[in-house]
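What follows is a single structure, written as structure tokens, with notes after it.
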Amino acid sequence: MATPVYLFRGLCILVLGYGHLAFANDVSALRRVYTAEVGVKEATGHNDGRRVGEYLRYTGLGEGYNWCAAFVSFCFGRAGYAEPRTPWSPSLFPGNKVIRTKKEVLVSVTLKREPVGQQTPRAGDVFGLYYANLGRIAHAGFIDRWAGNWAYTVEGNVDNAVVRKRRPVRTIAVIARWTAD
């Protein structure tokens with residue numbers, strides 16, 4: 001008779017304590033995961049700390065490395081997605097996942113409307129910033145909200161923490177969608 005009680009308790013723990021696993025491939029679950037990470041800080045400001053270490057270990061690295069892409073990958077994993085799983089920000093933007101590039105973003109800002117046929121960025125999409133000095137995408141994070149000329153984001157490895165930011169859309173080089181439409 002005790003078995004049904006234990007099964008019920010286990011189910012409650014799964015749904016309440018690990019709900020992100022119960023709703024795999026759900027954009028709202030992904031959003032819950034990445035917003036729950038806001039406020040995580042590095043221990044000493046050198047890409048370290050308990051939680052930052054978890055992000056990096058999820059992608060096969062130890063502490064001490066830039067971790068914005070590892071943060072993105074970790075959040076997808078916690079939300080039940082198998083991919084992406086990379087610490088390298090350019091790898092978050094394979095051609096089959098890209099929904100918008102800088103050229104398309106600039107057209108939407110200039111025309112004050114979405115280009116025909118373009119997908120509007122939404123919560124859970126991944127953005128990338130291009131660093132001219134490196135000649136590549138060198139920072140990534142989550143779009144949380146897209147509003148006109150502004151993107152509201154959640155991103156890691158900014159000021160040694162996971163933070164919310166408001167970025168002008170013209171600064172975003174590329175946007176990828178890893179979630180199902």
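Side notes on the structure shown:
- Taking Lys and Arg as +1 and Asp and Glu as -1, the other residues whose beta-carbon sits under 15 Å from that of residue 63 total +1.
- Cβ-defined net charge surrounding residue 154, 12 Å radius [Lys, Arg +1; Asp, Glu -1]: +3
- Ranking of 41, 103 by neighbouring Cβ atoms within 10 Å, starting from the fewest: 103, 41.
- Gained length - residue 130 relative to residue 35, 0.36 nm times residue gap less alpha-carbon distance: 31.8 nm
- Extending 7 Å from the Cα toward the beta-carbon at both residue 164 and residue 152 defines two label points whose distance is 0.6 nm.
- Highest average first, the peptides 69-79, 128-138 ordered by how many other beta carbon atoms sit within 10 Å of their residues are 69-79, 128-138.
- Extending 7 Å from the Cα toward the beta-carbon at both residue 91 and residue 180 defines two label points whose distance is 2.5 nm.
- Summing Cβ point charges (Lys, Arg +1; Asp, Glu -1) relative to the Cα centre of region 48-98 gives a dipole of roughly 120 debye.
None of the figures in this text is laboratory data; all of them are computed from the coordinates on show. The structure presented is a predicted model; accordingly, all values stated were derived computationally and were not measured. Ideal geometry is used to build each Cβ from the backbone, glycine not excepted, and the neighbour counts take in all protein chains shown.
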